[in-house]
Amino acid sequence: MARIDLQSLAHSYTPNPKGDDDYALKPMTHVWEQGGAYALLGPSGCGKTTLLNIISGLLTPSEGRVLFDGRDVTALPTEARNIAQVFQFPVVYDTMTVYENLAFPLRNRGLRGAPLDARVREIAALLDLTADLNRRGRNLTADAKQKISLGRGLVRPDVAAILFDEPLTVIDPHLKWELRSKLKALHRALDLTMIYVTHDQTEALTFADTVVVMHDGRVVQMGRPQELFERPAHVFVGHFIGSPGMNVLPAEVSGRAARVGGHLIPLRRGYPALDGGAKIEIGVRPEFATLAPAGAGGVPVRVRRLDDLGRTRIARVELSGLPMAATVPEDLTLAGDEASLLLDPAMVHVYADGTLVEGEAA
Amino acid sequence: MDKPVNQGAWLLVLPVLLIVAFSAILPLMTVVNYSVQDTFGNNQFFWNGIGWYQELLDPSTDLGGRFFDALWRNLLFSLLILLIEVPLGIAVALSMPRHGWRVAATLVVLALPLLIPWNVVGTIWQIFAREDIGLLGWAVNRLGIPYNYTADPLSAWVTIVAMDVWHWTSLVALLCYAGLRSIPDAFYQAARIDGASRWAIFRNIQLPKMHRVLLIAVLLRFMDSFMIYTEPFVVTGGGPGNSTTFVSIDLVKLALGQFDLGKAAALSIVYNLIILAVCWVFYTVMTRMDAQRN
């Protein structure tokens, strides 16, 4: 069992951090529930591996505390925490057989004889490694090696959380799906907290119940995949998740309408109290911006290009010279490059300095 | 599938063949020529067949006795060198820093002894270990331990072994360090998570990665110590008595001191064959082990 509390946690790799820029991880307080499947999503250098290494104890944070089930483990070394970690490149002890690899963490903790054997075989069966138990680690494929790395974490009965640091990077694409499904099944079967670091949104969205999006050392949004998609809390989330990402346009917002380059865009919510000094933008995903023939209402746009993505078509359009992406309905045929764009008012969000502004409900 | 045959390729090999022929094979043939004849100067040669070889390989003769004594000394010396330098080199490599400016500093310090010419190393130790004016020799005697490498065989052995360790442990350490550097950090992190002890990390991660470079280090150190000449020649000249006379030193005495060219030539050939044989055994063992591991 492990509920993980991060209390005012921050980390800097420089000894005397001055400003925000010196922090690889800016102060954060979060709770990770027992049994959850979390994905830490963000671009390289956003601090996700730093956060992971702090939780696993490979790194001691410069500020704040880490609690496991209320117990302060901030100063505890990795081996004293009930946690396991799987790395980007599979770690397999070359000279040992698969069996010995799986038995290694248990032997190091003093387990011997029949209980050890039973546990190793149980985990091997769970990971479909039974047939390979007597093979040497060095001759296995990358995905089998990564399964062994995972197995060395699962085999310990004390482990309550498993951390994954981009574990599928070196796996062949067609095996990625298989391994990810395996992880998902294991998560359901074993009641473990799993934290999965990745920069691949597909991996994050398919693996996790809760996706934690990080940007520049901060957690910018923590939520279910659907929330991240429908209500990005930050323009970064809008850009990073979704393909193509959210359209973000500079706008003037007053009441229930936004003005973009002379065109009015209706909004579902009201925004009476926007900060005058902030940079105001509106964001709408291409999925909620539909192209229609010119004169069909909405705002007039100029079509630059149509991209056929197979299942759908995406139009690259310009609204008063501002580039946007929009969905093209299947039956639409366009004459010339004039068209109009229909925006779903409920899905048009307002951002002040990049952060979502909660409007007043209708 | 038939590969196209291009006889022109011989032209590329020819220069090498010629150079090797003139620089190695022809001189070696001269030595072979000397080893089956006897000469008293004036370019007069007398056929002796395998006589010198028979004498050399028979320990009861004067020549054979000398040869085997020197050979056992050589083997003992190589054994001592390997027993000391390999574990010491591993220990040094393990305690070397992995990151930061200290890496460069340590590498430079370790490389220094390797850059000193061999006869200079001999001269340094010859003076350093003298019991009258050498810092080491004087200090050891002052501590109450009798130590004089010009009179006492044990002192002489301690001196040349210490000198070789000082000179060559760096090589073993640098080779091992190269092996250690090829281990990604994730292995150490995973081992910590697995709760591995320091010994388990050494046994299961570090030693397997050093395995290949260690074989090379052992081979290099064996061959080098087996052929050692310069340093003991400068320090002890093979003495006191014959106690540090190795095969190479004896060979020079025989050829250039006594001008027994026939005996010296036979000794050269046998010495050469021993080294080739050891190299071949090593090479076979290494390739076998590699094949087994894969």
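The values are calculated or read from the model by the stated rules, or taken from the named source; none is laboratory data. Small disclaimer: the values here were computed from a predicted structure and weren't measured. No Cβ is skipped: glycine too gets one built from the backbone with ideal geometry, and neighbour counts run over all protein chains shown. Remember, those area values only see protein heavy atoms, side chains included, never the ligands or the DNA or RNA. Shrake-Rupley method; radii C 1.70, N 1.55, O 1.52, S 1.80 Å.
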Query raised in the report: How do the pairs read when you match residues in the stretch A:2-20 that are on the phi > 0 side of the Ramachandran plot with residues anywhere that are open to solvent by less than 60 Å² (accessible area, probe 1.4 Å), using Cβ under 7 Å and keeping only pairs 6 or more apart or on different chains?
Result: A:SER8/A:GLY64
**Report entry** Residues of the stretch B:76-105 classified as hydroxyl-bearing (Ser, Thr, Tyr) and under 24 Å from the mean Cα position of the chain (by Cα), total
**Finding:** 1
Query raised in the report: With respect to the numbered conditions (1) open to solvent by 30 Å² or more (accessible area, probe 1.4 Å); (2) of a type in the set (Ser, Thr, Tyr); (3) part of a loop (DSSP other than H, G, I, E, B); (4) within 16 Å of A:LEU6 (Cα to Cα), which one is the sole condition not fulfilled by A:SER44?
Result: (4)
Query raised in the report: Condition test on B:LEU220, is it over 30 Å from B:GLN44 (Cβ atoms), open to solvent by 40 Å² or more (accessible area, probe 1.4 Å), more than 14 Å from every other protein chain (Cβ to nearest Cβ) and within 17 Å of the chain's Cα centre (by Cα)?
Result: yes
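Considering only residues that are of a type in the set (Ser, Thr, Tyr) and without any contact (Cβ under 8 Å) to a residue 40 or more places away in the chain, look in the stretch A:189-214 and name the one that is surrounded by the fewest Cβ atoms within 10 Å (Cβ to Cβ). Give the derivation first.
Initially, the stretch A:189-214 is screened for residues of a type in the set (Ser, Thr, Tyr), giving A:193, A:196, A:198, A:202, A:206, A:210.
Cutting the leftovers down to without any contact (Cβ under 8 Å) to a residue 40 or more places away in the chain gives us A:202, A:206.
Details: A:THR202: 12, A:THR206: 15.
In this case the residue turns out to be A:THR202.
Give the stretch A:91-102 a look and list any residue that's within 32 Å of the chain's Cα centre (by Cα) and either β-branched (Val, Ile, Thr) or more than 7 Å from chain B (Cβ to nearest Cβ) (or both), or say none.
Matches in the stretch A:91-102: A:VAL91, A:VAL92, A:VAL98, A:ASN101, A:LEU102.
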Query raised in the report: Which of the residues that make up the stretch A:61-85 are within 11 Å of chain B (Cβ to nearest Cβ) and either buried (at least 19 other Cβ atoms within 10 Å of the Cβ) or part of a strand (DSSP E or B) (or both)?
Result: A:THR78, A:ARG81, A:ILE83, A:ALA84, A:GLN85
Query - Conditions (1) surrounded by 15 or more Cβ atoms within 10 Å (Cβ to Cβ); (2) assigned to a helix (DSSP H, G or I); number of the one not met by B:THR245 - result: (2)
Query raised in the report: Can you pull out the residues in the stretch B:76-87 that are surrounded by fewer than 20 Cβ atoms within 10 Å (Cβ to Cβ) and under 18 Å from B:LEU171 (Cα atoms)?
Result: B:LEU79, B:LEU80, B:LEU82, B:LEU83, B:ILE84, B:VAL86, B:PRO87
**Report entry** Condition met for B:LEU267 (open to solvent by less than 10 Å² (accessible area, probe 1.4 Å) and either modelled with pLDDT of 85 or more or among the acidic types (Asp, Glu) (or both))
**Finding:** yes
Query - Looking only at the stretch B:180-211, and only at residues there that are in contact (Cβ under 8 Å) with a residue 40 or more places away in the chain and of a type outside the set (A, V, I, L, M), the one that is farthest from the other protein chains (Cβ to nearest Cβ) - result: B:ARG181
Query raised in the report: Which of the residues that make up the stretch A:262-287 are open to solvent by 20 Å² or more (accessible area, probe 1.4 Å) and either under 27 Å from the mean Cα position of the chain (by Cα) or under 25 Å from A:ASP307 (Cα atoms) (or both)?
Result: A:LYS279, A:ILE280, A:GLU281, A:GLU287
Query raised in the report: Across the stretch A:129-162, which residue is surrounded by the fewest Cβ atoms within 10 Å (Cβ to Cβ) among those that are farther than 22 Å from B:ALA186 by Cβ and without any contact (Cβ under 8 Å) to a residue 24 or more places away in the chain?
Result: A:ALA131
Query raised in the report: If you take the residues in the stretch A:215-237 that are farther than 26 Å from A:ASP191 by Cβ and out of contact with any strand residue (DSSP E or B) (no Cβ under 6 Å at 6 or more places or on another chain), which one is surrounded by the most Cβ atoms within 10 Å (Cβ to Cβ)?
Result: A:PRO232
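Of the residues B:ARG73, B:ARG102, which is among the basic types (Lys, Arg) and open to solvent by 50 Å² or more (accessible area, probe 1.4 Å)?
Exactly one of B:ARG73, B:ARG102 is among the basic types (Lys, Arg) and open to solvent by 50 Å² or more (accessible area, probe 1.4 Å), namely B:ARG102.
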Query raised in the report: Restricting the stretch B:1-35 to residues that are under 29 Å from the mean Cα position of the chain (by Cα) and among the β-branched types (Val, Ile, Thr), which is surrounded by the most Cβ atoms within 10 Å (Cβ to Cβ)?
Result: B:VAL31
Query - Residues that are open to solvent by 40 Å² or more (accessible area, probe 1.4 Å) and either under 29 Å from the mean Cα position of the chain (by Cα) or charged (D, E, K, R) (or both), drawn from the stretch A:241-261 - result: A:SER243, A:PRO250, A:GLU252, A:ARG256, A:ARG259
Query raised in the report: Out of (1) surrounded by 13 or more Cβ atoms within 10 Å (Cβ to Cβ); (2) outside any helix (DSSP H, G or I); (3) modelled with pLDDT under 85, what's the single condition that is false for A:TRP177?
Result: (2)
Query raised in the report: How many of the residues in the stretch A:124-179 are within 12 Å of another protein chain (Cβ to nearest Cβ), on the phi < 0 side of the Ramachandran plot and acidic (Asp, Glu)?
Result: 2
Query raised in the report: Taking only pairs six or more apart or across chains, which ones have beta-carbon atoms under 8 Å, a first residue in the stretch A:251-267 that is under 17 Å from A:GLY321 (Cα atoms), and a second residue that is of a type in the set (Lys, Arg)?
Result: A:ALA251/A:ARG259; A:GLU252/A:ARG259; A:ILE265/A:ARG259
**Report entry** Qualifying residue in the stretch B:180-193 (condition: more than 30 Å from A:VAL159 (Cβ to Cβ), open to solvent by 60 Å² or more (accessible area, probe 1.4 Å) and over 26 Å from the mean Cα position of the chain (by Cα))
**Finding:** no
**Report entry** Residue in the stretch A:288-300 that is surrounded by the fewest Cβ atoms within 10 Å (Cβ to Cβ), counting only those that are part of a strand (DSSP E or B) and not hydroxyl-bearing (Ser, Thr, Tyr)
**Finding:** A:PRO293
